[in-house]
1. Tell me, what is the FRET efficiency for Glu131 and Thr45 to the nearest 0.05, using R0 = 45 angstrom and their Cβ-Cβ distance as r?
2. Give me the base-10 log of I(q)/I(0) for segment 59-217 at each q in 0.11, 0.13, 0.14, 0.20 Å⁻¹, Debye formula, one uniform scatterer per Cα, rounded to two decimals.
3. Using the Karplus equation 6.51 cos²θ - 1.76 cosθ + 1.60 (θ = phi - 60°), what ³J(HN,Hα) coupling, rounded to whole Hz, does each residue of segment 48-62 give in order, writing x for Gly and Pro?
4. Using amide H atoms built in the peptide plane, which far-off residues or other-chain residues are under 5 Å from Ser80 H to H?
5. Test of understanding: what is the full-extension gain from Ala142 to Ala107, defined as 0.36 nm times their sequence separation minus their Cα-Cα distance?
6. Stretched out fully, how many nm does the piece from His63 to Ala77 gain, at 0.36 nm a residue minus the Cα gap?
7. Please compute the net charge surrounding Gly112, taking Lys and Arg as +1 and Asp and Glu as -1 over other residues with Cβ under 14 Å from its Cβ.
8. Lys and Arg at +1, Asp and Glu at -1: add these up for the other residues within a Cβ distance under 15 Å of Val144 and post the number.
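The values are calculated or read from the model by the stated rules, or taken from the named source; none is laboratory data. Keep in mind that what you see is a predicted model, and the values were worked out from it rather than measured. Cβ sites come from the backbone with ideal geometry, for glycine too, and all protein chains shown count toward neighbours. All accessible areas refer to the heavy atoms of the entire protein, side chains included, with ligands and DNA or RNA removed. Shrake-Rupley method; radii C 1.70, N 1.55, O 1.52, S 1.80 Å.
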Amino acid sequence: MNTFLQSPADASAPAATSAGEGPAPARAPLLRPTLVLFVLLSLVTGVLYPLAVTGVAQSAFPHEAAGSLIRDGSGHAVGSTLIGQNFTEPGHFWGRPSATAPMPYNAGASGGSNLGPANPALADAVKARIEALRAADPGNTAPVPVDLVTASASGLDPHISVAAARYQASRVARARGLPLERVEALVRSHTEAPLLPWLGEAGVNVLTLNVALDAAR
């Protein structure tokens, strides 16, 4: 007759109620705290936090929180300082070329041309843009700034370089019948310095400059 010694661990283990079955898991006590935690986190992250962030933004940065909108003299919104617009008339400053489809500066389809520097299509596009700028201002023999003939990655860049604005000043002044000095003064007053002296370079917001030009008639 064989005898087996039972260890203390074996002696303390609960006996199975039937073959292949163990103690039933305690699931019911976890349901209530799970639902309570779900509701609390939904209120905090889905309601309270967005309301708090919106309130702080509206109080500390009301212009930016409202979309950085630009309004004309009659108070109508004409755009945003964050999104460029397509200007083609000689009496307006032109922004950077835009490769968005199906039209330039389409805010619903931001993107670039994805043409590499060795792509012949890019060289042809740059050449055509230079010719268009020369044709619009034949007497201007200054070098064409690079940002006036190359599209940005987003296609919505609202700024041009100071050099690009100065390059166009004579054309705009002649088209509007304004003194060149007045147009150049507007360019200077709408030149935005970089956030930090060593971070980026100064730029000119094309939309705000053109709105100021329209008001200067």
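1. On the way: r = 55 Å, r/R0 = 1.22.
Efficiency for this residue pair is about 0.25.
2. Reported log10 I(q)/I(0), two decimals: -0.46, -0.65, -0.76, -1.45.
3. Coupling constants for segment 48-62: 5, 5, x, 5, 5, 5, 5, x, 5, 5, 5, 7, 8, 9, x Hz.
4. Under 5 Å from the amide H of Ser80: Ile70.
5. Details: separation 35, 0.36 × 35 = 12.60 nm, distance 3.20 nm.
Computed gain between Ala142 and Ala107 is 9.4 nm.
6. Working: separation 14, 0.36 × 14 = 5.04 nm, distance 1.25 nm.
Taking 0.36 nm per residue and subtracting the Cα distance, the gain is 3.8 nm.
7. Working: positive: Arg96; negative: Asp147, Asp157.
My count for the surroundings of Gly112 gives -1.
8. Working: positive: Arg96, Lys127, Arg129, Arg134, Arg166, Arg171; negative: Glu131, Asp137, Asp147.
Neighbour charge sum, excluding Val144 itself: +3.
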